[in-house]
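Bear in mind these aren't lab numbers, they're just calculated from the coordinates by the rules spelled out. All values reported here derive from a predicted model rather than from experimental measurement. FYI the Cβ positions are ideal-geometry reconstructions off the backbone, even for glycines, and counts take in every protein chain you see.
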Amino acid sequence: MLDTMHTDLISRIHATSIPTVIEYAGAGSAALWQLHAVAGSSRTILEATDRYAPESMHTLLGRLPDQFVSRDTAVAMAWAAYRRACDLRPGPAHNGVGCTATIATDRTKRGNHGCWIAIANQHGVTAYGITLKKGLRDRIAEEEVVSALILRALAHARGIPNEPPLLLQPEEQLLVESVAHTDILTAFLTGTYACVQYNGDLTYEPVALHGVTLLSGSYNPVHDGHRALLAAALASTGQPGYYELSVVNADKPALPYTTILHRSQQFVDEPRLVLTRAPRFIDKAALFPDSTFVLGYDTAIRLLDPKYYGTGGVEAALHDIAQHGCRFVVVGRTDPSGAFRQLRLGDIPESCRSLFVLFDEDRFRRDISSSSIRAGLQRLAES
């Protein structure tokens, strides 16, 4: 049974309605039970996973940690949990909890008993560490300390004061370390920034660009055809070049948080990748004035499709794009039948043809696509 103090604390945690994912290893499961024992846990708990087997930890972190019970491992678990929470319930605030612990068991352990617990959110990460005095408590009592610390970490992250005491001995000190880190990607996804640039190491920064050449795509995956196309366009425009990924698509669902991270990590060199929430070129033109957009044939056909426009249609949209000083470079693409398709001037409204530079087959052709690469990988996986 929970006492009144713990029940009140957990009720206040649930009242904040901050979606949370918990990853724990070695101890901490009692905190999950306690959170679920108080009404309202559906507002808090999105998912919780016990990473007991080394293979499970490898799945979470993509590697086996050098030391399982450590600050660095707890922090890595917390950030993985935070990213998972962002995927499960998009929004402005999330908590990711990582708990790694070693406590009393049915054999004598050579090392210390204790835990590291970290909680990550859009503002940074805070880690809590305790070394427990061996032989003072049984396994259940040590589990209670670890789980109480998880609740304390959740309360601190939500700004909730007056949490229950941990009941530590004088020689058992609680270590607390915080590192501030603004999650620019979450701020971007919730509308704080219109455009951000990927800088590597899972970091982004807000940018405002004009007079650039952009190749837009889904980059699933990026390939040599993309690189060669942007290089060819840059030789023509003389502008700085960027890859652009819109996380919102006119024809598909919005990209999840971890998918954005995965695709961003493909871009570690120049030209850089920028992220937008601008699915149509009329939106991109307002965001990137005086710029050149590089299109393949299939994208150009969608650009000229009236279904994406309201009153005024394609011609009015292209005139609006021209008002922002933007233009297009268009290259041909091989369709699924193997035929090479090229945009013709006759496909473009006559009053807007000056906005387009059409590269013929001799100037640029690459018979490669992300979909063909994915299909090849799928066949390989099935063989």
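Seen from Ala53, the other residues with C-beta closer than 15 Å to its C-beta sum to a net charge of -1, counting Lys and Arg as +1 and Asp and Glu as -1. I need the calculated FRET efficiency for the pair Ser11 and Asp269, taking r as the beta carbon distance and R₀ as 35 Å, to the nearest 0.05. Efficiency computed from Cβ-Cβ geometry: 0.10. Taking Cα extents along the principal axes in Å as the quantity of interest, determine which of (i) 59, 56, 30; (ii) 61, 50, 38; (iii) 84, 46, 32 was computed from the displayed structure. Only one option fits the structure, namely (iii). How large is the dipole of the chain about the Cα centre if only Lys and Arg carry +1 and Asp and Glu carry -1, each at its Cβ, rounded to the nearest 20 debye? For this selection, approximately 240 debye. Overall, the stretch 185-382 carries a charge dipole of about 240 debye about its Cα centre when +1 sits on the Cβ of Lys and Arg and -1 on the Cβ of Asp and Glu, all other atoms neutral. With R₀ set to 41 Å, the beta-carbon distance separating Arg43 from Lys307 gives a calculated FRET efficiency near 0.55.
How far is helix 370-382 tilted, in degrees, relative to the longest principal axis of the Cα atoms in the chain, given as a value from 0 to 90 rounded to the nearest 10? On a 0 to 90 degree scale, this one is about 50. Database remark: amide H of Arg341 closer than 5 angstrom to the amide H of Arg333, Thr334, Asp335 (H placed geometrically; neighbours at sequence offset of 5 or more, or on other chains; Pro and chain starts carry no H). Between the listed residues Phe188, Met77, Pro54, the Cα displaced farthest toward the positive end of the dipole of the chain, a dipole computed from Cβ unit charges relative to the Cα centre, is found at Pro54.
Placing +1 on each Lys and Arg Cβ and -1 on each Asp and Glu Cβ, with no other charges, gives the stretch 64-128 a dipole about its Cα centre of roughly 100 debye. Relative to the longest principal axis of the Cα atoms of the chain, the long axis of helix 71-88 lies at roughly 50 degrees. Taking 0.36 nm per residue of sequence separation and removing the Cα-Cα distance, the Ile368/Ser218 pair yields an extension gain of 52.6 nm. For the stretch 287-333 versus the stretch 43-83, the inter-centroid distance based on Cα atoms is 45 Å. Round to the nearest 0.05 the FRET efficiency obtained for Leu202 and Glu350 when R0 = 56 Å and r is the Cβ-Cβ distance. That gives a FRET efficiency of 0.75. Close amide H partners of Ser246, meaning residues 5 or more places away or on another chain with modelled amide H under 5 Å apart, are Gly217, Thr276.
Toward the positive end of the charge dipole of the stretch 159-299, with +1 on the Cβ of Lys and Arg and -1 on the Cβ of Asp and Glu, the farthest Cα among Thr276, Gly200, Ser178 is that of Thr276.
Length available on full extension from Thr192 to Val357: 0.36 nm per residue minus the Cα-Cα distance, which gives 55.9 nm.
Around Gln342, with a cut-off of 12 angstrom between Cβ atoms, what is the net charge of the other residues, counting Lys and Arg +1 and Asp and Glu -1? So the environment of Gln342 carries a net charge of -1.
Compared with the dominant principal axis of the Cα atoms in the chain, helix 224-237 is inclined by about 50°. Taking the Cβ of Gly313 as the centre, find all other residues whose Cβ is under 12 Å away and add up their charges (Lys, Arg: +1; Asp, Glu: -1). Around Gly313, the surrounding residues sum to -2. When only alpha carbons are used to place a centre, the stretch 176-243 and the stretch 1-38 end up 39 Å from one another.
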